[in-house]
Structure formats: C-alpha cells, structure tokens
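Right, one structure below, let's go through it.
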Number of protein chains: 2
Amino acid sequence: MANPKNILFIMFDQLRRDYLSCYGHKTLHTPNIDRLASMGVRFTRAYIQSPICGSSRMSTYTGRYVHSHGASWNGIPLKVGEMTMGDHLRKAGMDCYLVGKTHMRADEEGMARLGLEPDSVIGARVAECGFDVFERDDGMRPEGPDGFYDEGGAQAYNHWLRAKGYESDNPWHDFANSGLDAEGNVLSGWFLKNSSEAANIHEPDSETPYLTGRGMEFMASHDGPWCCHLSYIKPHWPYVVPEPYASMYGPEDVQEVIRSDAERENTHPVLRAFMDTAIGQSFSRKEVRDAVIPAYMGLIKQADDQMGRLFAWLEETGRMGDTMIVLTSDHGDFLGDHWMGEKTFFHDASTKIPLIIYDPSPEADVTRGMVCDALVESIDLAPTFVDAAGAEPAYHILEGESLLPILRGETKETARDYVICEYDYSASPIADKLQANVRDAVMFMVADTRWKLIHCEGGYRPILFDLENDPDELHDLGDSDVHADVIAMMYDRLFAWARRPSQRTTRSAAQLVEMRTKSRGRGVVLGVYDENDTPLELTVKYRGRKAPNMKNRPDG
Amino acid sequence: MANPKNILFIMFDQLRRDYLSCYGHKTLHTPNIDRLASMGVRFTRAYIQSPICGSSRMSTYTGRYVHSHGASWNGIPLKVGEMTMGDHLRKAGMDCYLVGKTHMRADEEGMARLGLEPDSVIGARVAECGFDVFERDDGMRPEGPDGFYDEGGAQAYNHWLRAKGYESDNPWHDFANSGLDAEGNVLSGWFLKNSSEAANIHEPDSETPYLTGRGMEFMASHDGPWCCHLSYIKPHWPYVVPEPYASMYGPEDVQEVIRSDAERENTHPVLRAFMDTAIGQSFSRKEVRDAVIPAYMGLIKQADDQMGRLFAWLEETGRMGDTMIVLTSDHGDFLGDHWMGEKTFFHDASTKIPLIIYDPSPEADVTRGMVCDALVESIDLAPTFVDAAGAEPAYHILEGESLLPILRGETKETARDYVICEYDYSASPIADKLQANVRDAVMFMVADTRWKLIHCEGGYRPILFDLENDPDELHDLGDSDVHADVIAMMYDRLFAWARRPSQRTTRSAAQLVEMRTKSRGRGVVLGVYDENDTPLELTVKYRGRKAPNMKNRPDG
C-alpha cells in the first residue's frame, strides 16, 4: 500500500459545517474547499467529543474521549502522561509540527513533579500537547482589568504586525479584530455590533492569510515525513473580517434561524440556562445575527480563498501528490439557532463538524468525491494518521478508529453504533446559576443515526431528539413516555461506554493475551496438590532439589 | 488538632478478615492484633477495589479506583503520571517509605517517553509507586522453564539468607517456602500437599520476622515525620510456615467450608469458569483444605506474634505515642469457600478485608475499641493519611475519603452509599476458556450494606446476593424477577459511578469554581452587542483606543 508521505492537518476554529457550500450553504460559496471534497471523502456524520475549543482539541490530539483524558474545559490542563498524536506519529517515524492554535494548557504542576523542564525537548512537547512547535498562535489576546487571558497569546503575530507598521500595544485587537470610525476610534470586535465593520487591517495581514503563509513556510523548510497541524483561529470570534470580505455579505445572505417558540416551553432546565446566558439572549436578537453572520460568512469566504492559495501552492511544489490533506473544525457555532450563541451545547449546529479527507494514494482513487454517512468522531483522526504513517494504531490508548479503510473503499462504515460528546460546565458561570457542584455540572450526549440523547448530571430528565423525523432538533422528546424504550436503549449505550477500560493504556490487547499463559512458564504453580499432578516441564525447577536441615539452627 | 507525627501502614497479603479472632475466628487467636483493635477502630465493612494483589494495591496507593488508574491486573504497569500516597504525603511534608511488597510494575515505556531515568530520585519514585524504597521485597522468587517470574524478586532476602548459611541458588524457595523430607529432598511449597510440612528454616529467619526486623531498622534510623509502608508477603502462598507454627493447627482447627451444592446448579457462566479452574477444583477437595488451612493459620499466628514484637518495640521507643498504626490486607482468600481458591472473585471471603486503625491523638480517645460498620474502601487510606499529615486531601485526584472524622468520633459513617470492586481477567487463562476478548473480560461489583451486585461484561445476566438474609452469599438472585427493582437500583449506582469525572485531576473543585468568573476579568467579553451594554470596568481595555487607518496600506 502506498501511504502518503506527509499529512497536512487543517483545522478551523468554530467553523460550522453547514456554512460550507459542499455541506449545503445556499448563499456562501466555498469552491476551494468543495474542490478538496471532490478529490477526497466528505463525511456527513463527523462529531466532536466536546463542544468547546480546548476539550474538543484535546480529544482530537489524544484520540481519546474527554472522560478519558480529563481536560474537560478550556484552561483545564491536559495531564502529564497523556499521549498525543505527536507521540504516536514520532514512534511511526513521522514528525508532528504545530502551526497555529491548540488551546493546550500545560500541566505545570505535573511537569514539575516529574522534573520535566519546559525548555527541554521532552518537556516542550509535553507542554505543547505533543507537538513540536513551528508557531503556536492561540489567536487570543484579550485583556481585562485582571490582565491578559493568555500571557503568550498571539505574541508572534503581534510582533509581525508591529514590524509591518501596526503601531499598538495590542495590534491583534486594535487592527486585526476591530474596525475604525471616521474619527480614528477603534471599534472593538469584542462588541457584536462592531462585527458589521471592516477590520482595520490590510487583508493579507489578517490572521487567516498570515497563518496560511506560516504553514507554507513550514512545509517549504521541512522535508518530511511530517504531519503539519495548520490550525486556524478564524472564523472564531471576535467576528470581524477585513475588506473585501466585510462587504461581501449582508443580512439578505443570512440563512433562516433554526428555532421555534415551542423550544422555549417546557424547556429542560439545563438547556434553558444555556439559552438564558447573555450570549443566548444576544444571539436571539435579529440585529445581532444580522451584524455577526455576514462577518462570520466573510471570514469563511476568506478562509476558502486561502485554501485556494494553499492548494495551488501544494500543487506547484508537488505536495499534492504525497500529502494527505485533512480539513475539519473543532466545533460549530449556534449563531442564534435554538436561542443560543457560541457552541456549548449538543445540537448538530455545534457538535457535527465538517470533515474532508483527501488521500493522495492510488488506493483512494475509488473514493474520490465520495460522501460518507458513517458515524465518525474526532478521535478517529489520530489513529487515521498513525495508520497513514504506516504503523499499527495503539488501540489500547487510542479510542477512535482509523478511517483509512473508508478512504480506500474497503468499507463504508465505522465499527461504532453511536458517538459520544461531553460537556463539563463546572468551571462556567452557568454552574452557579444552576447551583451545580463540580461533579454534577457535567453532560453527556450519545447519538446514533436516528436518535440523540443528552444526559445532564444532577438528577434531571434526559433530552431526546429524533434526528430522522426532526432533523432540526426542535422537539425535545426527553419526557415522552412513548419513547421510554428508546431512552432506555440510549442510556444502555452510554452505560456501556462509561464502563469501557479507558485507562488500561500500558498493555496492548496482544500483550494481555500473551500474559494469559506466561506466568506458568515462569514458575507460578497454582492449585497443584501433588507435584506429580502437573507436567514435569512446568515444575522442573522445583524437583529433585536437595538441602541440609536448617529448621533448628541456632539463631545467628 | 494534634495529628500523629508518623504513620505505620502495615499490610498483610491475602490475609482473610475472618481469620483474626477480633473478626470472629474461633480457633485462631490473634491477641496482639486484637489489642491494636482495642486501642483503635476496627472496621467491619472495609472493601478492596480489586481482588488481586497488584490492582488492589495500586488502588490503595493511588487512592483511586482501578477503572481510574488502569493497572487492572498483576503485571499491568501503573501508568506514568498517576500520583500515589507518596506524592501526596511528600507535598504534606511527610516522607513515604516502602519496606516490603508493592507488586508494582513500572511503566518503563512511559518513563522512557518522558525521559525519566530509573536511577534518578524522581524516576525511582515513579518506578516504585511513589515510595522511597528502604527495601522492596515482593516475596516471590518463582522460577520456571522460561525463567524467573520476577527478576528482582526477594533478592535482598535471598542474599540475607545466604549470608546466614542457607546455601542455595534460591533459598527463598528451598528453605523459606519448602519443607524437607528425611532424605534431604526439598518438598516444594508450590505443591499444596507440602503445606503440611514445616518450612526448612529457623523461624526467626523466615519472611515475616525478617520484614518485621527490617521495619524496625527503618523506623530506628529515620526521624520522621514518615509514613512507613511495612508490607508483608505472608500469609500469601506458598502456604508453608516453620515450626513451632507448622504444628500448631491441624484439620480439627479448620472452620467449616462455606459452600453449598446449590451453588453448582444454574451457576453464572463466569462464576462457573472460576470454580472450574485448577485452583477451584483443588480447594474444593478436603485434603487440600486440611493441608493448606492449618499452614495458613500458622502463618497468621506467626504474623500476630510478630505484631506483638513490633508493638512492644514501638512502645519502648516512644513511637506508640506519636505514630498512627494502620493494619490491613490487600484481599482475602477463598480457601475452598464457594468452590474456589485464591481471591479472584467478589464474595466477602476475598473482597472484605480486615482494617484496624489506631490513632494516637487525644482526639481519638473517644473511639478506642470502637467497631465501625461504615462502608469503607481501600482508597480511603491515602486521603486518611494526607489528612493525618495535616494537609487537605486532593479530592480531585483521590477518590476515597478521609476516615479521620470517624477515628475522632465526629461521625460514624462515610459519605458513600455503595462500594465498588473490579476485576479484569483479560490477561488470565479464564478469558480463553470463556472466549472473552480483552474488553469483555472485565467485571464490576457494587455493594451496599444490604445488596451486592456483580456485573460481568460480555452480555451475561448479573449476579446478586442479599447480604442481610444470606450473609454467606450462597444464593445468587441475579435471575430473580422478584429482585428486578433491586437489580435496576444497583445498576443505576454502577452507572452513576462509571460516569464520575475521574480524570479531571489537574484542577481542584476550588479552582474550577474560581474559574467561573475569571475569564471576564481577563477581557473575554461574550454576547455583548454594544460596548455601552456592559460595565465599564470589564471592558476598560477596549474603550477609547485610537488607531490610524491601515485597511488600504500597500502590501508590505
């Protein structure tokens, strides 16, 4: 089998699946991404493992559920010892580099306990989620009265902007993510009203083109085999885009909001708390959607144009022939659907992501342009990459499954019957509103092709959607007696999943099977009454031995 | 509160709870251990977390369930990154030393990945389950055609024996764990028939007195505060004891076997597979019990005498006044009960352990001699020790609860409603017999004061015992329709337990609560349409900023 030499792993942040034309957007055309889909396989049921940047990514990078790796919210460090795709790929002989965002928080306490220095090779990888860093850019330079959200955020980009003449203590904010009024006042992109302004930046200097350039610089300077995680910040908020994209879309291009008044009646208390946040209330207003969504569309259009630039460069340099290209997102964005904004709940708007994989191998010719409806999870990417690198994925650690057999036309389905997504709001203000302790402020989603069940800890009834008859997820059947059997079935699946042996990561299945007979050959003899009852070869070390009588020797 | 200065954490291996006279044995008197009970608190419902040495101990040492730490069978390494009582206690200012057995297998692959050298201070602790090693003695020197079971097993002890004149390549086997016939032939203790022989060793040189001496050497040479894990190998097999203990008990002292013919009818298939092992068949024979149990009783009597020696020394040296003493076991032994030998199932004979805690603090005077029926788990010991060392247990990592409030008379109960025990037989020959894959060869026990439910993966019905009406656990109600509600309730508990956030170990509850408001003060503004809609102090950094127009600058 001819495996690709390299893997270009492109992730956008908060890119909603149905905002690409290949996934059905009517007024936003993304021909470059669509072209990648026509060259590869486009997945229609790809689910993330958590609807928030950091936790979703930690699952993607580790190939493990949030319940397994524990980094269940932004800012909760990924604990020392968790292996990531970088660790697996390097074992397979492939480098693994970061260009962009991870939202990784290092486990500084765990590193100190194990004596791992952040400036050592090993320590740096542990601190950076297993990647070697070409450029880390989490793309966030918020600053409040208590200081910066992220001390290291966007530093290289800010430095680069300043060198280009963007004079400010925070050009990320003042230029890349804000507009400007006629009097020279910065119109901060943090305020949604300003999303209708054009970013005060020359378009090629904005974040998406910048990172595309950085990705090309990496690829031009590294021979490979490499996996390059080119990880964009946009279309994540602040929702601001420079011209010409700022003027490209208007309220008339905004698709109809997916919500109903019925959703506000008999609403599940936890869901209601999410609707009732400032974000939910904001995005329920038409003026907010009309300001934000055209900018969001512009950011995606810009991203698509950058993909065109990138793919052209890959073809020119020959990389298109030896590089697997994966394009996905870490979660979607409600944008007012279901009376919510942001991403932190389980409707498809957030949990179903775009996923397109182009495999240059001749074996994948049979699937070019294929649309795949298999149940896929973000945790499948790490084993897919290991498989593509020519090694056996370590399935006692990796909880996903390789998609290579689908890409090569050997199967149309994954082995799973359901997908799992989790959200931990214990560190969110919503937990205060619901008076939830940190153990109860946790939710699980289990979904198959027909049903989606959401379980909230804390003694609540479930939420249930019928994805076949209610694809827009407008009717919560969680308190429907008629659906008691469905609810029980979905709970059984969640239960089976929760019992999985997710931490037995130090021995493979093959090693466990080998152990079944090993101790006998090493002299552990159990349950044998008489030495003549057992085969000679197993007890040869215990027979025919001689010794002096030592029972009554004087105490020495 | 006056906390003890030190902790002496005594563990016996395979010491069955009801083989101590304070726990009700009729013919075996253990006055020294009974005396400790009269000075402290004796727990009657203390459960282990796995009925096998290594996994039970990894739970005790980490304070975490097997499902959380993953070292689910002997020989499955405890993965790098798991914290143990040693890590927690050192943070609290208390050393933590090992004198004896842990059954720890180091995660060599994980250590190599993180660059941890076994001969560094940190690497040695990671390799030794977080302990500083005074003496590691797993007490096993089996040898078969494929070599030694444990290359390092009993090395120091073997060396010591040889220096005392016990000439052999394996004195652990030939003298400490074997008898001798009149012709000078070694009668190997690996064969149960030879359990009726006296060990061919001068009693003070046998394993239990040897380790007692080593423990006293440690305590005499270390000022403290320390936690000393004095971890005995016996009464674990090989079941052989020297004189005078070898002759102390005979078949007439053996208590009646707890089993019934009914247990062999309609037997749960997994339970039947355990009964049908060579061990189960052996221990179902009277001659085996009559040979083994008197030796097992002799080993316990010897252990009790050594406790007398140890406690006298502690009193002489003043340690009894400043040292908490904990005496427990890692699991029991079926000894023919329920048609089984060894420990690898969930009846009380194996999963309920002796646990006695003596707290020298004046605050504990109110509970001296108390018998406590609270539901206790082995994972409670680590937080108890941290609490006794004067620090706050890290409950985001430690899954047990401190028993100090019980020891000090502040409460009579733990907070839990049920206990959990797990067994993973994926690496055992029984998995082959049941044709179980490594994911299905896993079992869970959930028990409260009334019911014990056992769930076996692989599509089997549950096993259920009524502990109140059937304390001997002879009647499996797992297929009783009458008990459907009880079974459902116990499954609900297992489900709730399985969903617990066990890997969110890098942030404490207090830190999570603090995070609920933190990001706003650091400039992350979500859902605000107009800058005038939010308090000035939260957006002060984004207001009043000025910038030149940079939108149309020439491309630099």
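The values are calculated or read from the model by the stated rules, or taken from the named source; none is laboratory data. All values derive from a computational prediction rather than experimental measurement. Using ideal geometry, Cβ is built from the backbone for each residue, glycine included, and neighbour counts are taken over all protein chains shown. We work out accessible area using only protein heavy atoms, side chains counted, and drop any ligands, DNA or RNA first. Shrake-Rupley method; radii C 1.70, N 1.55, O 1.52, S 1.80 Å.
With respect to B:G527, is the statement that it is at pLDDT below 85 and open to solvent by less than 60 Å² (accessible area, probe 1.4 Å) true? Against the criterion (at pLDDT below 85 and open to solvent by less than 60 Å² (accessible area, probe 1.4 Å)), B:G527 does not qualify.
Within the stretch B:521-550, being at the interface with chain A (Cβ under 7 Å from one of its Cβ atoms) and farther than 18 Å from A:D169 by Cα holds for B:G521, B:V525, B:L526, B:G527, B:V528, B:Y529, B:D530, B:E531, B:E537, B:L538. Answer yes or no as to whether B:L404 is buried (at least 18 other Cβ atoms within 10 Å of the Cβ) and either within 14 Å of chain A (Cβ to nearest Cβ) or closer than 20 Å to B:S55 by Cα (or both). So B:L404 does not fit the description; no. For the stretch B:505-514, the candidate set comprises residues that are within 7 Å of chain A (Cβ to nearest Cβ) and among the polar types (S, T, N, Q); within that set, the residue that is surrounded by the fewest Cβ atoms within 10 Å (Cβ to Cβ) is B:T506.
Got a number for residues in the stretch A:234-254 being open to solvent by 50 Å² or more (accessible area, probe 1.4 Å) and either under 18 Å from A:D18 (Cα atoms) or touching a Lys or Arg at 6+ places or on another chain (Cβ under 7 Å) (or both)?
4
Of all the residues in the stretch B:179-193, those that are touching a residue at least 60 places away in the same chain (Cβ under 8 Å) and over 20 Å from B:G165 (Cα atoms) number 2.
Identification of strands (runs of 3 or more DSSP E) wholly contained in the stretch A:417-466 with 3 or more residues that are charged (D, E, K, R) and open to solvent by 20 Å² or more (accessible area, probe 1.4 Å) yields no element.
Only one residue in B:D479, B:D485, B:D472 is more than 7 Å from chain A (Cβ to nearest Cβ), open to solvent by 60 Å² or more (accessible area, probe 1.4 Å) and assigned to a helix (DSSP H, G or I). Which one? Exactly one of B:D479, B:D485, B:D472 is more than 7 Å from chain A (Cβ to nearest Cβ), open to solvent by 60 Å² or more (accessible area, probe 1.4 Å) and assigned to a helix (DSSP H, G or I), namely B:D485.
For B:G115, the conditions (1) facing chain A (nearest Cβ under 8 Å); (2) buried (at least 20 other Cβ atoms within 10 Å of the Cβ) are fulfilled apart from (2). As a summary of the residue check, B:T517 satisfies the conditions (1) surrounded by 15 or more Cβ atoms within 10 Å (Cβ to Cβ); (2) at pLDDT below 95; (3) assigned to a helix (DSSP H, G or I) except for the one numbered (1).
Is it the case, given these coordinates, that A:A436 is in contact (Cβ under 8 Å) with a residue 12 or more places away in the chain, more than 19 Å from A:E342 (Cα to Cα), within 13 Å of chain B (Cβ to nearest Cβ) and not aromatic (F, W, Y)? Spelling it out, A:A436 is indeed in contact (Cβ under 8 Å) with a residue 12 or more places away in the chain, more than 19 Å from A:E342 (Cα to Cα), within 13 Å of chain B (Cβ to nearest Cβ) and not aromatic (F, W, Y).
Residues are listed down the side, and each one gets a yes or a no for (1) within 30 Å of the chain's Cα centre (by Cα); (2) more than 16 Å from A:P429 (Cβ to Cβ):
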site: B:T506; (1), (2): yes, yes
site: B:R516; (1), (2): no, no
site: B:R522; (1), (2): no, no
site: B:R545; (1), (2): no, yes
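Being open to solvent by less than 10 Å² (accessible area, probe 1.4 Å) and either at pLDDT 95 or above or over 27 Å from the mean Cα position of the chain (by Cα) (or both) is a property that B:H229 has.
Here's a check for you: in the stretch B:230-267, which residue that is in contact with an Asp or Glu (Cβ under 8 Å, 6 or more places away or on another chain) and outside any loop (DSSP other than H, G, I, E, B) is farthest from B:I201 (Cα to Cα)? Among residues in the stretch B:230-267 that are in contact with an Asp or Glu (Cβ under 8 Å, 6 or more places away or on another chain) and outside any loop (DSSP other than H, G, I, E, B), the one farthest from B:I201 (Cα to Cα) is B:E263. Filtering the stretch B:162-210 to residues that are facing chain A (nearest Cβ under 7 Å) and touching a Pro at 6+ places or on another chain (Cβ under 6 Å) leaves B:W190, B:A198, B:I201. Out of B:E342, B:E316, one residue alone is buried (at least 22 other Cβ atoms within 10 Å of the Cβ) and not hydrophobic (A, V, I, L, M, F, W, C). It is B:E342. Among the candidates B:D365, B:D380, B:D373, the residue that is within 20 Å of B:M58 (Cβ to Cβ) and either out of contact with any helix residue (DSSP H, G or I) (no Cβ under 7 Å at 6 or more places or on another chain) or open to solvent by 10 Å² or more (accessible area, probe 1.4 Å) (or both) is uniquely B:D380.
Would the stretch B:496-504 turn up any residue that is touching a helix residue (DSSP H, G or I) at 6+ places or on another chain (Cβ under 8 Å) and away from chain A (no Cβ under 11 Å)? The answer is no; no qualifying residue exists.
Listed here are the residues, each with its yes/no results for (1) of a type in the set (A, V, I, L, M, F, W, C); (2) in contact with a His (Cβ under 7 Å, 6 or more places away or on another chain).
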site	(1), (2)
A:S38	no, no
A:P51	no, yes
A:N74	no, yes
A:G81	no, no
A:K91	no, no
A:M94	yes, no
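Among the residues of the stretch A:523-536, some residue qualifies, meaning at least one is assigned to a loop (DSSP other than H, G, I, E, B) and of a type in the set (F, W, Y).
Just one of the numbered conditions (1) within 14 Å of chain A (Cβ to nearest Cβ); (2) charged (D, E, K, R); (3) in contact with a Leu (Cβ under 8 Å, 6 or more places away or on another chain); (4) surrounded by fewer than 22 Cβ atoms within 10 Å (Cβ to Cβ) is not true of B:K301: (1).
State all residues of the stretch B:310-335 that are in a helix (DSSP H, G or I) and either in contact with a helix residue (DSSP H, G or I) (Cβ under 8 Å, 6 or more places away or on another chain) or more than 16 Å from B:G224 (Cβ to Cβ) (or both); if no residue qualifies, say none. If you could, list the steps in order and put the result at the bottom.
Start the filter on the stretch B:310-335 by keeping residues that are in a helix (DSSP H, G or I), which leaves B:310-316, B:319-321.
Residues satisfying the conditions are B:L310, B:F311, B:A312, B:W313, B:L314, B:E315, B:E316, B:R319, B:M320.
Could you grab me the full set of residues in the stretch B:255-280 that are buried (at least 17 other Cβ atoms within 10 Å of the Cβ) and under 30 Å from B:L180 (Cα atoms)? Matches in the stretch B:255-280: B:Q255, B:V257, B:T277, B:I279, B:G280.
Quick one: is B:N32 touching a residue at least 60 places away in the same chain (Cβ under 8 Å), more than 19 Å from B:D330 (Cα to Cα) and part of a helix (DSSP H, G or I)?
On the way: touching a residue at least 60 places away in the same chain (Cβ under 8 Å): yes; more than 19 Å from B:D330 (Cα to Cα): yes; part of a helix (DSSP H, G or I): yes.
Considered against the rule, which asks whether it is touching a residue at least 60 places away in the same chain (Cβ under 8 Å), more than 19 Å from B:D330 (Cα to Cα) and part of a helix (DSSP H, G or I), B:N32 comes out as yes.
If I go through the stretch A:92-109 residue by residue, how many of them are farther than 12 Å from A:A127 by Cα and either open to solvent by less than 20 Å² (accessible area, probe 1.4 Å) or not in a strand (DSSP E or B) (or both)? Give the steps one after another, and end with the answer.
Of the residues in the stretch A:92-109, the ones farther than 12 Å from A:A127 by Cα are A:92-101.
Still in the list and also either open to solvent by less than 20 Å² (accessible area, probe 1.4 Å) or not in a strand (DSSP E or B) (or both): A:92-94, A:96, A:98-101.
Number of matching residues: 8.
For the stretch A:545-552, state whether one or more residues are surrounded by fewer than 16 Cβ atoms within 10 Å (Cβ to Cβ) and either within 30 Å of B:R113 (Cβ to Cβ) or of a type in the set (S, T, N, Q) (or both). Yes; the residues of the stretch A:545-552 include at least one that is surrounded by fewer than 16 Cβ atoms within 10 Å (Cβ to Cβ) and either within 30 Å of B:R113 (Cβ to Cβ) or of a type in the set (S, T, N, Q) (or both).
Go through the residues of the stretch A:135-155 one by one and say whether even a single one is under 25 Å from A:A394 (Cβ atoms) and within 13 Å of chain B (Cβ to nearest Cβ). Outline the logic, then answer.
Pass one, the stretch A:135-155, residues under 25 Å from A:A394 (Cβ atoms): none.
Checked the stretch A:135-155: no residue is under 25 Å from A:A394 (Cβ atoms) and within 13 Å of chain B (Cβ to nearest Cβ).
Scanning the stretch A:315-358 for residues that are more than 20 Å from the chain's Cα centre (by Cα) and farther than 13 Å from A:G40 by Cβ yields A:E315, A:E316, A:T317, A:G318, A:R319, A:G321, A:D322, A:G336, A:D337, A:H338, A:W339, A:M340.
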